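For reference, the structure discussed in these notes is given below.
The values are calculated or read from the model by the stated rules, or taken from the named source; none is laboratory data. As the structure is a computational prediction, the values presented were derived from the model and not from experiment. Here the Cβ positions follow ideal geometry from the backbone for every residue, glycine too, while neighbour counts run over all protein chains shown.
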């Protein structure tokens, strides 16, 4: 009986606490014309699907939905905005999250919180 109580308590704690990750950059999306190419860091030429340009968002709390696009890169669904995180390996697909944007500059721009 005590084991069940401890297990339920641990599960409740895990489910009720927020998990958070740093947001290191915020990008606006530019959709290039067909045939646009880019030169990568490794001197490879590739066709550009999207161009992500750093942007600022006013500090505040935002309730949004996000979808994972690549390692540490998530699109904000319904907007032409992406966020880059640090060490976030969550596989979100149209998932409700909170963005706490705190700064335009510095090593982190804010936090992404998952409940």
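Quick notes on this structure:
- Checking the stated criteria, residue 43 turns out to be at pLDDT 95 or above, loosely packed, with under 11 Cβ neighbours inside 10 Å and either under 19 Å from residue 88 (Cβ atoms) or out of contact with any helix residue (DSSP H, G or I) (no Cβ under 9 Å at 6 or more places or on another chain) (or both).
- The strands (runs of 3 or more DSSP E) found entirely in the range 21-92 that carry 1 or more residues being in contact with a strand residue (DSSP E or B) (Cβ under 8 Å, 6 or more places away or on another chain) and touching a residue at least 24 places away in the same chain (Cβ under 8 Å) are 51-54, 60-70, 73-76, 81-86.
- Of all residues making up the range 62-86, the number that are over 10 Å from the mean Cα position of the chain (by Cα) and over 18 Å from residue 31 (Cα atoms): 3
- Answer from 89, 98 - the residue that is surrounded by 15 or more Cβ atoms within 10 Å (Cβ to Cβ) and either more than 14 Å from residue 28 (Cβ to Cβ) or in contact with a helix residue (DSSP H, G or I) (Cβ under 8 Å, 6 or more places away or on another chain) (or both): 98
- The condition (being surrounded by fewer than 10 Cβ atoms within 10 Å (Cβ to Cβ) and either under 17 Å from residue 105 (Cα atoms) or touching a helix residue (DSSP H, G or I) at 6+ places or on another chain (Cβ under 9 Å) (or both)) is satisfied by just one residue among 33, 58: 58.
- Qualifying positions in the range 101-115 - farther than 12 Å from residue 24 by Cα and surrounded by 12 or more Cβ atoms within 10 Å (Cβ to Cβ): 113, 114
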